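Here the structure comes first, spelled out in structure tokens, and everything after it is commentary.
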Amino acid sequence: MVTNQIEIARPDTPELALMLPLGSGDAAKLGVGNKGRLLDKAVSALLPVPTGFILLDRVWTEAVRNDLIH
């Protein structure tokens, strides 16, 4: 799914995502750092975590490539 030009993980294509919703269960598979993985697990375990998402390293790469960051 594309939202504001950022690909969000879908169950059939998590490897193409630039961001993951917390609780998706895909953080560990995509090499997300410890903080992101633990927040993802906490949401899945129904612990009180604010709604949010994880931006993947590819976001930085795409922003630099498209001259959005100088």
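Just so you know, all these numbers are worked out from the coordinates, no wet-lab data involved. If you're wondering where the values come from, they're calculated on a predicted model, not measured in any experiment. So basically every Cβ, Gly included, is an ideal-geometry build from the backbone, and we count neighbours across all protein chains shown.
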Return the long-range amide H neighbours of G52 (sequence gap of 5 or more, or a different chain), with a cut-off of under 5 Å between placed amide H atoms. L22
Between S44 and D67, what is the label-point separation in nm under the 7 Å Cα-to-beta-carbon projection? 4.1 nm
Applied in sequence order to segment 37-47, the curve 6.51 cos²θ - 1.76 cosθ + 1.60 (Karplus, θ = phi - 60°) yields integer Hz couplings, x standing for Gly and Pro, of 4, 5, 5, 4, 5, 4, 5, 4, 8, 6, 7
